[in-house]
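The values are calculated or read from the model by the stated rules, or taken from the named source; none is laboratory data. Predicted, not measured: the structure shown is a model, and the values here were computed from it. Note that each Cβ is placed from the backbone with ideal geometry, even for glycine, and that neighbours are counted across all protein chains shown.
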Amino acid sequence: MEPLLLTKREKRKLASQYADLCLTCGTCAGGCPVTGVDGLDVRKCVRLALLGMDQEVIDSKFPWVCTLCGRCEHACPMNIDLLALLRSARGKRAREQVPGVLHKGVEQCLKSGNNVGIPKEDFLFLLEDLGVELAEELPGFEVPVDKKGAKYLFTINSKEPFGEPEDMMFWWRILYAAKESWTTTSENWEGVNWGLFTGDDESMKEIVGRIVKNYKDLECEYLVLPE
């Protein structure tokens, strides 16, 4: 690799190792479901980054409506790592300017162990209450919490205990019918990592690390994220 090319790549804020191979063919943009948002498409984002106009991409809405589905990257004839570029644009956005409640959810998860800040006592009360209700249908059922040696450790999408608690019963019924050994945890049970979505790698790693610690401490065989 030529030293000059390496220097250009090192100086580029938005991560994309092979962006300078772009042919501007537009194949990436052709299959993208959000092409045109803020007047941008994936191809234009690459060109802006190559021209040193990173901030225009970072400040735009485009990286946030992008679903990171990967269709652009799959179609690219030069195999450019387009998803890395778009996700890094999210990571470069000032945290107070992250759209919606995403960053607030990250902060709340780091603080309380879930994205919506459900207190531990309320969460455990809910699980017990739902377990009692389901036991009327499934004799002997109870929601296992912090059960050491369970085969499966389940995380939970916080939207369920927060607003749709009955939804958890669907997969509880399956586990009961299958006679599987499983558990969830009393702390750090959140299964949706908004650090991933916001480009906040440090927070993402911390949240993942807490889940893995639960998995190891409880000596489970499998980790399941129902989300």
Review point. If you go through region 194-225, how many residues are in contact (Cβ under 8 Å) with a residue 24 or more places away in the chain and surrounded by 14 or more Cβ atoms within 10 Å (Cβ to Cβ)?
Key: 18
Practice item. Consider residue 148 carefully, then state whether it is surrounded by fewer than 18 Cβ atoms within 10 Å (Cβ to Cβ), under 24 Å from the mean Cα position of the chain (by Cα) and not assigned by TED's automatic domain parsing to the domain that holds residue 89. Key: no
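Of everything in region 183-192, what is in contact with a Cys (Cβ under 9 Å, 6 or more places away or on another chain), among the polar types (S, T, N, Q) and touching a residue at least 60 places away in the same chain (Cβ under 8 Å)? Give them in sequence order.
So in region 183-192, the residues in contact with a Cys (Cβ under 9 Å, 6 or more places away or on another chain) come out as 183, 188, 190, 192.
Subset that is among the polar types (S, T, N, Q): 183, 188.
Residue satisfying the conditions is 188 alone.
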Exercise for review: Inspect all residues belonging to region 55-62 and state whether any of them is outside any helix (DSSP H, G or I) and in contact with a Pro (Cβ under 9 Å, 6 or more places away or on another chain).
Suggested key: yes
Exercise for review: Would you mention how many residues in region 193-226 are modelled with pLDDT of 95 or more, closer than 19 Å to residue 171 by Cβ and of a type in the set (A, V, I, L, M, F, W, C)?
Suggested key: 5
Revision key, fill the gap. Sole miss for residue 83 among (1) surrounded by 15 or more Cβ atoms within 10 Å (Cβ to Cβ); (2) assigned to a loop (DSSP other than H, G, I, E, B); (3) under 16 Å from the mean Cα position of the chain (by Cα) is condition (2)
Practice item. Consider only pairs whose beta carbons are under 7 Å apart and that are at least six residues apart or on different chains; among these, list those whose first residue lies in region 42-71 and is farther than 24 Å from residue 102 by Cα and free of Cβ contacts under 8 Å to residues at least 24 places away in the same chain and whose second residue is among the acidic types (Asp, Glu) and surrounded by fewer than 19 Cβ atoms within 10 Å (Cβ to Cβ). Key: 48/56
Review point. Restricting the search to region 143-164, which residues are touching a residue at least 12 places away in the same chain (Cβ under 8 Å), touching an Asp or Glu at 6+ places or on another chain (Cβ under 9 Å) and not aliphatic (A, V, I, L, M)?
Key: 146, 148, 149, 151, 152, 155, 157, 158, 159, 161
Practice item. Could you figure out which of (1) modelled with pLDDT of 95 or more; (2) surrounded by fewer than 21 Cβ atoms within 10 Å (Cβ to Cβ) isn't true of residue 68? Key: (1)
Exercise for review: Kindly indicate which of 135, 94 is without any contact (Cβ under 8 Å) to a residue 24 or more places away in the chain, among the hydrophobic types (A, V, I, L, M, F, W, C) and over 30 Å from residue 62 (Cα atoms).
Suggested key: 135
Review point. Going by the conditions given, is residue 191 loosely packed, with under 14 Cβ neighbours inside 10 Å and either more than 30 Å from residue 99 (Cα to Cα) or of a type outside the set (S, T, N, Q) (or both)?
Key: no
Point to revise | Residues (among the aliphatic types (A, V, I, L, M), buried (at least 16 other Cβ atoms within 10 Å of the Cβ) and not in a helix (DSSP H, G or I)) located in region 38-54 | key: 40
Review point. Among the numbered criteria (1) in contact with a helix residue (DSSP H, G or I) (Cβ under 7 Å, 6 or more places away or on another chain); (2) outside the structural domain of residue 25 (by TED's automatic domain parsing), which single criterion is violated by residue 78?
Key: (2)
